[in-house]
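To start, the structure under review is shown below, and the notes come after it.
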Amino acid sequence: EAAFIGDQEDFTELLGNLLDNACKWCKQAVHISVKQQQGVIFIIEDDGPSCEFEKLDALTRRGFRLDESTPGSGLGLAIVHDIVES
């Protein structure tokens with residue numbers, strides 16, 4: 001029953017990047033929860049390796065990657081951050 005108020009392309013880009021990231025790093029499972037609280041909240045969890053709390057902010061910088069062993073551009077979470085901020 002939650003509602004995303006915004007552009008459909010932003011919604012697709014947002015969820016696409018979050019799910020791509022979770023699927024890339026999970027071992028076996030990805031779980032999605034949605035809540036409505038002063039807007040919509042997406043909670044995407046995977047069973048992959050975690051990130052140190054101190055490094056979480058760095059993940060939203062364009063081109064920054066904590067682990068270079070998996071293919072990627074380092075743009076996905078930066079795009080998500082930009083969409084959420086706008």
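Within the stretch 32-44, the set of residues being among the polar types (S, T, N, Q) and open to solvent by 80 Å² or more (accessible area, probe 1.4 Å) comprises GLN36, GLN37, GLN38.
Could you tell me which residue of the stretch 22-31 is farthest from SER86 (Cα to Cα), considering only residues that are part of a loop (DSSP other than H, G, I, E, B) and open to solvent by less than 50 Å² (accessible area, probe 1.4 Å)? Within the stretch 22-31, the match that is farthest from SER86 (Cα to Cα) is ALA29. When the residues of the stretch 60-78 are filtered to those that are open to solvent by less than 40 Å² (accessible area, probe 1.4 Å) and within 11 Å of the chain's Cα centre (by Cα), the one that is farthest from LYS27 (Cα to Cα) is ALA78.
Residues checked against (1) in a helix (DSSP H, G or I); (2) free of Cβ contacts under 8 Å to residues at least 40 places away in the same chain:
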residue	(1), (2)
ILE5	no, yes
LEU15	yes, yes
ASP20	yes, no
SER33	no, yes
GLN38	no, yes
GLU54	yes, yes
SER73	no, yes
ALA78	yes, yes
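Restricting ASP7, ASP47 to those that are at pLDDT 95 or above, more than 13 Å from VAL80 (Cβ to Cβ) and either open to solvent by 50 Å² or more (accessible area, probe 1.4 Å) or out of contact with any Leu (no Cβ under 8 Å at 6 or more places or on another chain) (or both) reduces the list to ASP47.
The values are calculated or read from the model by the stated rules, or taken from the named source; none is laboratory data. In this text the structure is predicted, and so the values were computed from the model without any measurement. We place every Cβ from the backbone using ideal geometry, glycine too, and count neighbours over all the protein chains shown. The area values use the complete protein model at the heavy-atom level, side chains included, leaving out ligands, DNA and RNA. Shrake-Rupley method; radii C 1.70, N 1.55, O 1.52, S 1.80 Å.
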